[in-house]
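Everything on this sheet refers to the single structure shown next.
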């Protein structure tokens, strides 16, 4: 039966008890069992952010004249972030609800600035999927350039994709899949030569790379110190340890920020202006971001970054000691991914085993890998994770049939199937089940119903045989890819 609004109000203690119960099956981020989604810097900071958020729980940044406190805090958050990013005095920007919105706004600003009939954006193929989302929303063609053997953007490949319709270039600091920084200085020089803006996606690195450098580690130049960098996105709710959702989009000057704004002057409800995607904007998120910067301070960020670096080093060392897997590339910060080196190690099956042991696992494709975003909260559990990883690899070697079961089969097939349209339809079917009238959270029956579509039914019926064929096809494609990179 579909839930209905209760006829009478529930007692506070009763409804809060129900809510607490809903959390029982959630990922245990406080215990360091997750490698993404939540960036936890301890209960003391968390409590401070909750109090700051609650102080401005009802305020709305839609009208900065009505709530001048929110405009003041937003300005100070942007200014402090810009200073950290070595921006010039002309720098300006806005807060957004997260990295995706920051990227959407950058692409929108570049599109409107260029005024091209058929706008195109050039990015390395490892650029965050939010650029694809922005292109989809704003009618921009995203041209993806192949990357180098080191997983970094290939400047020559990006140069070849530039044409008269190009509205801007993209680089990442670092890119998410392997955690390496693209050659921003070279991309910025190319952008200047072609008179194009360059966006640096530092959503995940913006609030950790500056502190890594301050701790004395070598970090390639990537911020506003590089001439030609036009905009930078950086998420406060990642390594800024702020509450969800808070990000900044910093512009070198107003010449691009002005194209981010939306203004309507003819609506019967009055003149309407908005700096970002939403109309109503949470005062709580702005206040909590402001509070995080002040509560942490440079001292706090340096301390947590040092702990995260220690955890990352320990994790890399531990993975290096597990036969059958290896870290991909040379990560520049505190995130990494690892892939299988032996054919008898089904990596997605390894992921299933890790989940059975209570770890939240992030799976990637092209190449198949497992991803870890490391924070200070992980330092005490690295040994546990490496032990469980070694046992998972050993188990999968003994049980190769597990490659064609459960999540391992689903991810394995979807990652390798060359007919991407069919994969998209399969994912859409899963989304329909999750967000349909029944709101399914248990998808164990996917692939067994008449309405599930050909891909999901094939996965359910022919999992073993299909994966064998797709493994052979994938091996052939990887050989071709290695030859191309040489």
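Laboratory data are not the source of any read-out in this text; all were calculated from the coordinates shown. This one's a predicted model, so the numbers in the text were calculated from it and none came from an experiment. Glycine gets a Cβ as well: all are built from the backbone with ideal geometry, and neighbour counts include every protein chain shown.
Label-to-label distance for residue 118 and residue 214 is 4.8 nm, based on points extended 7 Å past Cα in the beta-carbon direction.
Extension gain, residue 244-residue 149: 0.36 nm per intervening residue step, less the Cα-Cα distance, totals 30.7 nm. For the stretch 90-167, the Kirkwood estimate of hydrodynamic radius, built from reciprocal distances between every pair of different alpha carbons, is 13.3 Å. Each Cα pair under 8 Å and six or more residues apart adds its sequence gap; the mean of these over the residue count of the stretch 311-373 is a relative contact order of 28 percent. The radius of gyration of the Cα set in the stretch 33-156, together with its Dmax, comes out at 18.6, 53 angstrom. Between residue 342 and residue 225, the modelled label-to-label distance comes to 4.4 nm, taking each label 7 Å out from Cα in the direction of the beta carbon. Sorted from longest to shortest, the spans of the Cα atoms of the stretch 298-400 along the three principal axes equal 49, 25, 21 Å.
Plainly put, the stretch 218-298 has a radius of gyration that is 1.06 times its Kirkwood radius, both from alpha-carbon atoms, as the Rg/Rh ratio. Given their separation in residues at 0.36 nm each and the Cα-Cα distance between them, residue 383 and residue 303 gain 26.7 nm when the chain is fully extended. Using the Kirkwood radius built from alpha carbon pairs, what does the Stokes-Einstein equation give as D for the stretch 241-286 at 10 °C and 1.306 mPa s, in µm² per second? It diffuses with D of about 124 µm²/s by this estimate.
With R₀ fixed at 22 Å, the C-beta to C-beta distance from residue 397 to residue 320 puts the FRET efficiency at about 0.75.
Counting every pair of alpha carbons in the stretch 51-295, the share spaced more than 29 Å apart comes to 26 percent. Packing, taken as the mean count of other beta carbons within 10 Å per residue, orders the peptides 15-23, 193-201 from highest to lowest as 193-201, 15-23.
The protection proxy used here, the mean number of other Cβ atoms lying within 10 Å of each residue, ranks peptides 352-362, 24-34 as follows, highest first: 352-362, 24-34. For the stretch 51-295, relative contact order (Cα pairs under 8 Å, six or more residues apart, normalised by length) works out to 29 percent.
Protection proxy ranking, highest mean first, for peptides 56-69, 389-402: 389-402, 56-69, where packing is the per-residue count of other beta-carbon atoms within 10 Å, averaged.
If R0 equals 30 Å, the separation of the Cβ atoms of residue 161 and residue 265 corresponds to a calculated FRET efficiency of about 0.20.
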